[in-house]
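Reading through the C-alpha cells given below for one structure.
Throughout, read-outs are computed from the coordinates displayed, never taken from laboratory work. Just so we're clear, the structure is a prediction, and the values are computed from it rather than from any experiment. Note: ideal-geometry Cβ built from the backbone for every residue, glycine included; neighbour counts use all protein chains shown.
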Amino acid sequence: MGSSDITKKICRQISIVAPTDFTVVIQGETGTGKELVARSIYDQSNRKDGKLVMVDLNTIPETLIESELFGYEKGSFTGADKSKEGFFEKASNGTLFLDEIGNLPLHLQNKLLRSIEQRQIRRIGGEEDISINIRIIAASSKRLEDLVSSGEFRADIYYRLKEYTIELSPLRERKDDLLFLANLFLNETKLELKKEIAGISESATEKLLGHKWPGNVRELRNVIRKAVLTCSDSTVIEEVDILIDEIDKSVSNDGSGNRLAVDSYTLGETMPPSNVEIDNFEGLSLKDFTKKSISRIEKDVISNVLKHTGGNKSKTARILKIDNSTLYYKIKEYGII
C-alpha cells in the first residue's frame, strides 16, 4: 500500500485486530483500498482457513438484499422453487465482508443487528433460527457518523459494528505512497506487457503529484497502466504519457462518489423555495424541525431531477451521484410518483 507513516500505522492496526474476532469498520473514499485491508485482516486472522465472502451492497438491488444476505426457503415467494443459502450461511466459520454497509436499507438494519448480537439468522419464509459463526468486516465510503446524524443509519447498529475502526486517508494526502505505488504499478505492468521502461520522468512525476486523485489508488493504477502501454520501449514515462481524465468539472465531489452540487441549470431547477411553512412544524424541537425540513428539500430535489430526466431513474441516480437502490428507497419513502 505504500511506505508513508500513515500506511505504516494502518499496517500496525491490521496486525493488532486481525487475530481477534472484533467486528471491524473500514472507512475511506472510493478507491483507497478498503477491500485490500479487509483481505489483509482475513489473511492474518484465525479464520483464514474458512471462507472470505465479499458482498458489495452497492450492487445488489434493494428488493434482493434480504434474500441474498439471509437466504430463503422453498415456496417463500413466487419463483422460490428451492431453498437457498444466504451470504451469512456461506461465510460459516469464516469472514463476511459487507462493502458499502451504509447502503443497507433501514428496514434491514435491525435484522442485521439481531443477527450479529444473537449469532443467528432466519431465512425468508423460515420458521427456525440458524446458528452462524462468522466474523464481520464492514466498509463504507461514506462516514457512518454522518449517516447516523442524517437518520440514514441506525445508531445502535453503528455502535455494534464499530468495535474497531480503520480510517484510510485519500491518496492526495499520501504523497510518499503515491510515488511508491506509481512505481509498483509501473513494474507490474512492465512485466505484464514485456516492456523495458527505465522509470518516470521528473515532469511526469510533478504531474502525478499535482493531481487530486478523486479515484485514489484505483485511478492511479489505471493511469500508470495506460502510460506503460503507450510509452516507447527503453525510455522513461514522460508527462505526455500521463493521461488523466478530468471528469465533470462542474461537479464538486467529496471523494465518496456523492455529488455535493449539480450544474447550475439542474441546481436552479431543483432548489426548493427558501420559505418554510412554520405552522406545519409547530411543537417540534429544532432537531426534528431541521430533519423534516431537510427531508422536504430532498424530496423536492429528487422529484425535480426525475422530472428533468423524464422519469429515468438510472440517469437521475447518476446526476445526484447516489446508487440506484438508495434512489428507489427514497422514492418509496417520500411517495414520489
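The table for this structure:
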{"read-out": "Simple spin-label estimate for residue 77 and residue 209 in nanometres, 7 Å along Cα-Cβ", "value": "5.4 nm"}
{"read-out": "R0 of 25 Å, Cβ-Cβ distance residue 131-residue 56: FRET efficiency to nearest 0.05", "value": "0.45"}
{"read-out": "Packing rank of 100-108, 318-326, where each peptide gets the mean count of other beta carbons within 10 Å, highest leading", "value": "100-108, 318-326"}
{"read-out": "In order through region 114-119: 3J(HN,Hα) via Karplus (6.51 cos²θ - 1.76 cosθ + 1.60), integer Hz, x for Gly, Pro", "value": "4, 5, 5, 6, 8, 6"}
{"read-out": "Reachable lysines, given that their alpha-carbon falls under 17 Å from the alpha-carbon of residue 51 and they are not under 8 places away in the same chain", "value": "90"}
{"read-out": "Highest-MSF residue in the chain out of 237, 132, 197 [GNM, Cα springs under 10 Å]", "value": "197"}
{"read-out": "Shape call, the chain: gyration tensor on alpha carbons, a/c limit 1.5", "value": "oblate"}
{"read-out": "Extended-chain gain in nm, criterion 0.36 nm per residue less alpha-carbon gap, residue 108 and residue 184", "value": "23.3 nm"}
{"read-out": "Cβ-based exposure ranking for 11, 231, in which fewest neighbours within 10 Å come first", "value": "11, 231"}
{"read-out": "Helical contribution to [θ] at 222 nm, DSSP H n ≥ 4, -39,500 (n - 2.57), averaged over the chain, rounded to 500", "value": "-14000 deg cm²/dmol"}
{"read-out": "Spatially proximal aspartates and glutamates relative to residue 207 (Cα-Cα < 12 Å; intrachain offsets below 8 disregarded)", "value": "238, 239, 241"}
{"read-out": "GNM top mover of 215, 199, 28 - the chain, alpha-carbon springs below 10 Å", "value": "199"}
{"read-out": "Candidate lysines for bridging to residue 330, where Cα separation is under 18 Å - those fewer than 8 sequence places away on the same chain excluded", "value": "142, 291, 292, 299, 307, 313, 315, 321"}
{"read-out": "Shape call, region 13-72: gyration tensor on alpha carbons, a/c limit 1.5", "value": "oblate"}
